[in-house]
Amino acid sequence: MIESRFDRLVVLTALLLTTTLASAQVYTQLHNFVENQEGSNPNNPALLAQGRDGNLYSTMPTQLSFDGTIFISTPAGAVTPLYDFQGPDGSSPQSGLSLGFDGNFYGVTEMGGGSKVGTVFSYGSGGLTSFHSFTDGSDGAYPWATPIQAPNGKVYGITNNGSNPGKIYRISSGSFSTIGTAPSSTIAPLILGSDGKLYGTTPKGGTFNQGTVFQMTLDGKVKIIYSFGANGTDGTNPAGPVMQAADGKLYGTTTWGGTKGVGTTFSMTTSGGGYKLLHSFQTTDGSNPYGGLVQGSNKFLYGVASRGGLNSVGTLFKFNTTGTVFAVLHDFDTTSGDTPFATPMLHTNGIIYGVTNHGGTPNPVYGVLYSFDAGLKPFASLVVFWSGKVGTQVGILGQGFSSATGVKFGTGAGAFTVISDTYMAASVAAGATTGNVTVLEPAGNLVTPQVFKVIPQASKFSPTNGPVGTPVVITGMSLTQTTSVSFGGVKATAFTVNSDTQVTATVPTGAQTGKVMVTTKGGSATAPGIFTVN
């Protein structure tokens, strides 16, 4: 019956000072998991999701008497189980959760369901909704990867093992469909890139069968953008997701390979070019990272290695985007938590949270929930939507919203409604520009790491015909950041931005009769009608 109760230091540059690293860095063992209460031994990915209420949500598998749980934790570590899986509704939820725009959470179970090979579900104030029980047919089986919602409102995920591994699925209006095939099976969640495409990793597959990074469109077209294992030193077998940093590049880890054979960190562009090995683990600083990375306000990337370090049971580390600095920040141990497989998460309060597969007090068996204060600044974060036209409403996570005095999209204002101290709804207003979103607060402004793209609109142009050299006025919205104007696909060599609602462009030599298109930093807009070149 379904019930809901929702109510050490390694430095690779002489310029980095030990005293700098030591400041404001505190590891806290927040909670020891108890097998017969919340479940035990969280594996990978086991994603923690920040809810609208500022609390942490995730799933927990189990090894004994029941089928796993969904749980909530306060940032201070007070854990409460919310839902107990029973088998028919799913079993052994390895995924953790992701937050959707509607405030619900999405996850999968590795087993259970009608065919006992896994389910995909959402959970919210209305309880658990099961979308699909996998059958080990063309839909795949045994999913581990956390599904995510895209800006089109649809939910995307990927399966792991089974007769047809690595099947990519989509849930639209509650309806499940298989839309693509990944290069191999995987437990790593997909991520949404700023270009609107999805990115993922597989531990096998590719040219050398040593793993891939792949790109996928929202309609399921898959493209391998990097194959690991050409010589092994570039890293092999990535098990965690990639993440897109503020510089637009993808960053990730491999579980094996590198110069010492025990894992790497790397970067590349979203097209797969510019691959760079940033760090090869060497056991003393950690080994075999299974999880992905998060980026702090200081632009450093943070992650965990499942083994190695001072106690041979894992490390928490940071490194910079050029690979010139790498530092161990914490050595895990069996008392306060060890063997971290899961990708850590960065709360908007600036504190890193994560779970370990093992360790704890008094019984070092079931794993722990931990936090790590690296002295990072608090921030705000967009939920799902990273682009839209004037009038688009977005959700923003953060804190201190009760005293917020305004919201800015880039340099322009936005309207906002405070739902709670940790969540607000904001709308793109006229004059908004592409850029980071800023929540104005008396105690200090909060800025989103995501860049919100304001999509332009072109409503008309005048005149509708003329020879080369004719000035044409295009009217619309969000035109301040115009980068080009084209006539029939030929770019104008001269244009002037008159205002946020008007651009004047000169018909260029070689212009073709056709559509008039305005392109800004936020996207492109085509005006209705045809311009005729006389």
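The values are calculated or read from the model by the stated rules, or taken from the named source; none is laboratory data. These numbers come from a predicted model, not from an experiment. Neighbour counts run over all protein chains shown; Cβ positions are idealised from the backbone, glycine included. Areas reflect the complete protein model, heavy atoms only, side chains present, ligands, DNA and RNA absent. Shrake-Rupley method; radii C 1.70, N 1.55, O 1.52, S 1.80 Å.
Here are LYS223, LYS204: which of them is surrounded by fewer than 22 Cβ atoms within 10 Å (Cβ to Cβ), among the charged types (D, E, K, R) and assigned to a strand (DSSP E or B)?
LYS223
For the range 59-79, how many residues meet the condition of being part of a strand (DSSP E or B) and either more than 17 Å from GLY107 (Cβ to Cβ) or not polar (S, T, N, Q) (or both)?
Total meeting the criteria: 5.
Across the range 226-261, which residue is nearest to the chain's Cα centre (by Cα) among those that are of a type in the set (Phe, Trp, Tyr) and open to solvent by 10 Å² or more (accessible area, probe 1.4 Å)?
Checking each candidate, the answer is TYR226.
Please find, among LYS491, LYS460, the residue that is of a type in the set (D, E, K, R), open to solvent by 10 Å² or more (accessible area, probe 1.4 Å) and under 37 Å from the mean Cα position of the chain (by Cα).
Among LYS491, LYS460, only LYS491 is of a type in the set (D, E, K, R), open to solvent by 10 Å² or more (accessible area, probe 1.4 Å) and under 37 Å from the mean Cα position of the chain (by Cα).
Looking at the range 462-506 only, could you name the residues that are at positive phi and not in a strand (DSSP E or B)?
Result: GLY469, SER478, GLY488, GLY489.
What's the total number of residues in the range 79-116 that are open to solvent by less than 10 Å² (accessible area, probe 1.4 Å) and on the phi < 0 side of the Ramachandran plot?
Number of matching residues: 11.
Could you please find all residues in the range 360-392 being on the phi < 0 side of the Ramachandran plot, touching a Pro at 6+ places or on another chain (Cβ under 7 Å) and of a type in the set (A, V, I, L, M, F, W, C)?
PHE379, PHE385, TRP386 - these are the residues of the range 360-392 that are on the phi < 0 side of the Ramachandran plot, touching a Pro at 6+ places or on another chain (Cβ under 7 Å) and of a type in the set (A, V, I, L, M, F, W, C).
Among the residues of the range 120-140, write down those that are part of a strand (DSSP E or B) and either open to solvent by 30 Å² or more (accessible area, probe 1.4 Å) or farther than 17 Å from PRO165 by Cβ (or both). So that I can check it myself, show each step before the final result.
First pass over the range 120-140, keeping only residues part of a strand (DSSP E or B): 120-124, 127-133, 137, 140.
Of everything in the range 120-140, those that are part of a strand (DSSP E or B) and either open to solvent by 30 Å² or more (accessible area, probe 1.4 Å) or farther than 17 Å from PRO165 by Cβ (or both) turn out to be PHE121, SER122, TYR123, GLY124, GLY127, LEU128, THR129, SER130, PHE131, HIS132, SER133.
Sort out which residues of the range 476-509 are within 24 Å of GLY412 (Cα to Cα) and β-branched (Val, Ile, Thr), and write them in order of number.
THR480, THR482, THR483, VAL485, THR496, VAL497, THR501, VAL503, THR504
Pick out the one residue from PHE281, PHE266 that is under 18 Å from TYR199 (Cα atoms), buried (at least 21 other Cβ atoms within 10 Å of the Cβ) and in contact with a Lys or Arg (Cβ under 7 Å, 6 or more places away or on another chain).
PHE266
Across the range 372-402, what is the number of residues that are open to solvent by 10 Å² or more (accessible area, probe 1.4 Å), among the small types (Gly, Ala, Ser) and not in a loop (DSSP other than H, G, I, E, B)?
Final tally of qualifying residues: 3.
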